[in-house]
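Engineer: The structure follows.
Taken together, the values in this text are just the output of simple stated rules run on the coordinates, not laboratory data. All values reported here derive from a predicted model rather than from experimental measurement. Here the Cβ is made from the backbone with ideal geometry for all residues, glycine too, and neighbour counts use every protein chain on show.
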């Protein structure tokens, strides 16, 4: 895309690209990189030998201390050695050992930095050796001058090899009931040119998607066709939510070696609703859950989340794309102040039906929830019931106290309990599973 602006007036015509082959100053650059690598390798050998000498000296000092201890023990037996003399000798050995430890630590640091530099030069050598002939693309713009004057051109073009992915730091501040979400981008590029101190704009658009709505196709039905209804129609793709561009205030440098560059986008704060969730059939832990509404005017794209409670790191989570106005839900770790216990009170197997041809297994489950926190809490309890895939297997609830608030499509029961400090609540659930006696059922508790 070409734009023209200024004091003059022109009429833009056609645009095109012109490729120019460039000469490579290969020999000089290759020789320079090889000399750098040779110098660094020589320095690495020197550091290794230095560490060997320090290690050898350390072993010698250790042997001297052991020898001195043996001699001192023997001479003390005969009363020939003064305590002051022993302290002076041992002190001298320990002082030298401390110096060797400091020198070894400094040597290890230099070695680590040197290894990083060697890796960098080696990578540059590999990239240079695999480069083919270099070329340069130039833009050609045809235009007609209508009014003489100074005119500036602005050129925008699309290249491949650049990408960014979102990731987040989510910090829950319990005292203020606030979720602080730090929005970051991991930017990589393989365009062949290092980006040095550029003004970076991150866009949520995807140029590969079509912006056109696909035309509806007729759906044909017939007898005897083995094909899928409506098969053979063209398919299209449409763009998703409106494009958002994030302008990064600080200039950024991104190398073309594919290494990710962390770029901060923004930091947002949201008021949160805090609740707790437990699935006692699978775990005794109760988890803290934070829900917030995206009140910003842009989406939060899917990505990994590092979760913190205050300044304490909790673990890793993931975020699905949250559109403006959508709900954000994150689990913020285990809550030790709420205890949930599940007990299988009894399991009764009996025969029912005419002629005793039906087996029934009855379960009685007790779930106890205790709040040891100094505040009221809302706890969601989930208890999965067996989900039958066969009409001959029937699952039915007999007793349910207090009544569940939801039975979802996966046959999971939901209760929401509100507990005051030190309060205890119980859930009693009775249900049975019936099936033909001659059949074996898998998946029962």
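Engineer: May I ask you to compute the full-extension gain from residue 123 to residue 162, defined as 0.36 nm times their residue separation minus their alpha-carbon distance, rounded to one decimal in nm?
Structural biologist: On the way: separation 39, 0.36 × 39 = 14.04 nm, distance 1.95 nm.
Contour length minus Cα-Cα distance gives 12.1 nm.
Engineer: If you don't mind, there's one more thing I want to ask. Please work out the Kirkwood hydrodynamic radius for region 338-436, using every pair of different C-alpha atoms, and report it in angstroms with one decimal place.
Structural biologist: 15.0 Å
Engineer: A further question on this structure: Report the label-to-label distance for residue 59 and residue 407 in nanometres (one decimal), using points 7 Å from each Cα along the Cα→Cβ vector.
Structural biologist: If labels sit at residue 59 and residue 407, their model points lie 7.5 nm apart.
Engineer: Would you order 286, 368, 351 from fewest to most other beta-carbon atoms within 10 Å of each residue's own beta-carbon?
Structural biologist: Fewest-to-most ranking of 286, 368, 351: 351, 368, 286.
Engineer: Compute the FRET efficiency between residue 430 and residue 372 as 1/(1 + (r/R0)^6), taking r as their Cβ-Cβ distance and R0 = 41 Å, and round to the nearest 0.05.
Structural biologist: Efficiency, from the Cβ-Cβ distance: 0.90.
Engineer: How long is the gain from residue 110 to residue 295 if the chain were fully straight, where each residue apart is worth 0.36 nm and the alpha carbon distance is subtracted?
Structural biologist: On the way: separation 185, 0.36 × 185 = 66.60 nm, distance 4.93 nm.
Gain in length upon complete extension: 61.7 nm.
Engineer: Could you list 415, 60 in order of exposure, starting from the residue whose Cβ has the fewest other Cβ atoms within 10 Å?
Structural biologist: So the ranking, lowest neighbour count to highest, is 60, 415.
Engineer: P(r) for region 290-400: what percent of alpha-carbon pairs falls in each 10 Å bin, starting at zero?
Structural biologist: 10, 24, 24, 21, 14, 6, 1
Engineer: Just need the relative contact order of region 267-306 here, percent rounded to a whole number, with Cα pairs under 8 Å and 6+ apart. Kindly include the intermediate steps, with their values, before the conclusion.
Structural biologist: Values: 32 pairs, mean separation 14.9, N = 40.
It comes to 37 percent, rounded to a whole number.
Engineer: Moving to a separate point now. Listing 90, 440, 332 from the residue with the fewest other Cβ atoms within 10 Å to the one with the most, what is the order?
Structural biologist: Final ranking by Cβ density, sparse to dense: 440, 90, 332.
Engineer: Please give the residues of region 264-282, grouped as numeric ranges, whose backbone N is less than 18 Å from a label point set 7 Å along the Cα-to-Cβ vector of residue 304.
Structural biologist: What the label zone holds, given the 18 Å backbone N cut-off, is 264-265.
Engineer: Now for a separate question. Could you state the per residue volume, in Å³, of the convex hull enclosing the Cα atoms of region 102-181? Kindly include the intermediate steps, with their values, before the conclusion.
Structural biologist: On the way: hull volume 28.2 nm³, N = 80.
In region 102-181, the Cα convex hull volume per residue is 352 Å³.
Engineer: To continue, here is another question. Assuming 0.36 nm per residue, please report the length gained on full extension of the stretch residue 46 to residue 362 beyond their Cα-Cα distance.
Structural biologist: 106.1 nm
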